[in-house]
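Engineer: I am attaching a structure below and will ask some questions about it afterwards.
The values are calculated or read from the model by the stated rules, or taken from the named source; none is laboratory data. None of these values were measured; they are calculated from a predicted model. Cβ coordinates were reconstructed from backbone atoms using ideal geometry, including for glycine residues, and neighbour counts include every protein chain displayed.
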Amino acid sequence: MIRHVRFHGRGGEGVKLASRIVSRAAFLAGCTVQDSPLYGAERRGAPVAAFVRCGDGPIRERGYIEQPDIVVVMDDSLLSQPDAAVLDGLDSTSVVLVNTGAPARDVKARYGIAGHVVTLDVSSIALDVLGRHLLSAPVAGLTAKVTAIAAWEDLAAAVRLELADVGLTNEVIERNVTATQRAFDAAPVVQLFGGQRPRDVLPAARFVMPHLPGRLAAPSIDAAANSALRHTDGWRVYRPVIDQPHCTRCFLCFALCPEGAIHLDADNYPIIDYDHCKGCLVCVAECPPQVISTVREAHHGT
């Protein structure tokens, strides 16, 4: 039996690394594995997907996983973004893991998810243990526990190996192991479907590249000057907030915002366009009088 796992998140959250940790853990557990990411054209904060296939025999499929057995949603704001295709290809046998503090029944009802839904506030675990919104290791812990792809010993070894490969220090690696174990211990085990999910049977002698929908393979822009119509507020983990009475109007936040999401009012005070602020927090880091604070966004885990 081959399990098809599709990860959805945003650039910078560790989507690719989460899939690598899960595939490495499955490999250490004795499975045949395949791991591949899908990159978009945009930068940090844009939707990203990755795919893991694991099983006890040869894997003859390649490319995009159109009919996932398991969908891992690392950023719950993507559920309300249709072009992210998070819920495409699901049926009643699918398992959907969502990083959110909302109850699973509420998420299932709100988005009309046919399969089994499991929720866990991984964002809070990452921020509490790691001090940053780095989700790769704890999301891998959630995934491995719910799907029983690998035991804790194999998962912990995979975290250490993969994070060492990207050059992290032993101290940082062990903090990630701690975050992974917290997610692993908090997650339930779900009884997955009993046999191979019905899908096209691939001939043993040839490799097949599954069809990738055009809106995913080659998205196009149909109208000019439409970027302002696409709100990116769901990308934020933290919202920058300017203390206007103490602002010195130095203009640095206005000048350095990489998204042009800060403008000046009639009195030259900076105003943040929250519809298009992606939460990079450059303004917070560059503010000389340090009068820009941060507030946790409710849609990330809370």
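Engineer: Residues in the stretch 95-111: is at least one more than 21 Å from ALA144 (Cβ to Cβ), in a strand (DSSP E or B) and modelled with pLDDT under 95?
Structural biologist: No; the residues of the stretch 95-111 include none that is more than 21 Å from ALA144 (Cβ to Cβ), in a strand (DSSP E or B) and modelled with pLDDT under 95.
Engineer: Is it true that VAL295 is surrounded by 10 or more Cβ atoms within 10 Å (Cβ to Cβ) and either at pLDDT 95 or above or touching a strand residue (DSSP E or B) at 6+ places or on another chain (Cβ under 6 Å) (or both)?
Structural biologist: Numbers: surrounded by 10 or more Cβ atoms within 10 Å (Cβ to Cβ): yes; either at pLDDT 95 or above or touching a strand residue (DSSP E or B) at 6+ places or on another chain (Cβ under 6 Å) (or both): yes.
Spelling it out, VAL295 is indeed surrounded by 10 or more Cβ atoms within 10 Å (Cβ to Cβ) and either at pLDDT 95 or above or touching a strand residue (DSSP E or B) at 6+ places or on another chain (Cβ under 6 Å) (or both).
Engineer: Return a yes/no flag: does the stretch 254-262 have any residue that is out of contact with any helix residue (DSSP H, G or I) (no Cβ under 8 Å at 6 or more places or on another chain), over 23 Å from GLU13 (Cβ atoms) and assigned to a loop (DSSP other than H, G, I, E, B). Don't jump to the end; show me each part of the working.
Structural biologist: Narrowing the stretch 254-262 to residues out of contact with any helix residue (DSSP H, G or I) (no Cβ under 8 Å at 6 or more places or on another chain): 254-255, 259-261.
Next, only the ones that are over 23 Å from GLU13 (Cβ atoms) stay: 254-255, 260.
Add one more test, that the residue is assigned to a loop (DSSP other than H, G, I, E, B), and what stays is 260.
Yes, some residue in the stretch 254-262 is out of contact with any helix residue (DSSP H, G or I) (no Cβ under 8 Å at 6 or more places or on another chain), over 23 Å from GLU13 (Cβ atoms) and assigned to a loop (DSSP other than H, G, I, E, B).
Engineer: Of the residues that make up the stretch 100-110, is at least one buried (at least 22 other Cβ atoms within 10 Å of the Cβ) and touching an Asp or Glu at 6+ places or on another chain (Cβ under 6 Å)?
Structural biologist: Of the residues in the stretch 100-110, the ones buried (at least 22 other Cβ atoms within 10 Å of the Cβ) are 100.
Remaining after also requiring touching an Asp or Glu at 6+ places or on another chain (Cβ under 6 Å): 100.
Yes, the conditions are met somewhere in the stretch 100-110.
To keep it simple, each residue is scored yes or no on (1) assigned to a strand (DSSP E or B); (2) of a type in the set (Phe, Trp, Tyr); (3) touching a residue at least 24 places away in the same chain (Cβ under 8 Å).
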| site | (1), (2), (3) |
| --- | --- |
| HIS4 | yes, no, yes |
| PHE7 | yes, yes, yes |
| ALA25 | no, no, yes |
| ASP35 | yes, no, no |
| CYS54 | yes, no, yes |
| PRO58 | no, no, yes |
| ILE65 | no, no, yes |
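Engineer: May I ask you to verify whether LEU79 is touching a residue at least 24 places away in the same chain (Cβ under 8 Å), surrounded by fewer than 24 Cβ atoms within 10 Å (Cβ to Cβ), in the same structural domain as GLY115 (by TED's automatic domain parsing) and part of a helix (DSSP H, G or I)?
Structural biologist: yes
Engineer: Can you list residue pairs whose Cβ atoms sit under 8 Å apart, with the first residue in the stretch 141-154 being under 15 Å from THR119 (Cβ atoms) and without any contact (Cβ under 8 Å) to a residue 60 or more places away in the chain and the second being among the small types (Gly, Ala, Ser) and surrounded by 24 or more Cβ atoms within 10 Å (Cβ to Cβ)? Count only pairs 6 or more apart in sequence or on different chains.
Structural biologist: From the stretch 141-154, the pairs are GLY141/ALA179; GLY141/ALA183; LYS145/ALA183.
Engineer: Ok, one more. Pick from ASP35, ASP76: which is within 13 Å of the chain's Cα centre (by Cα) and charged (D, E, K, R)?
Structural biologist: Exactly one of ASP35, ASP76 is within 13 Å of the chain's Cα centre (by Cα) and charged (D, E, K, R), namely ASP76.
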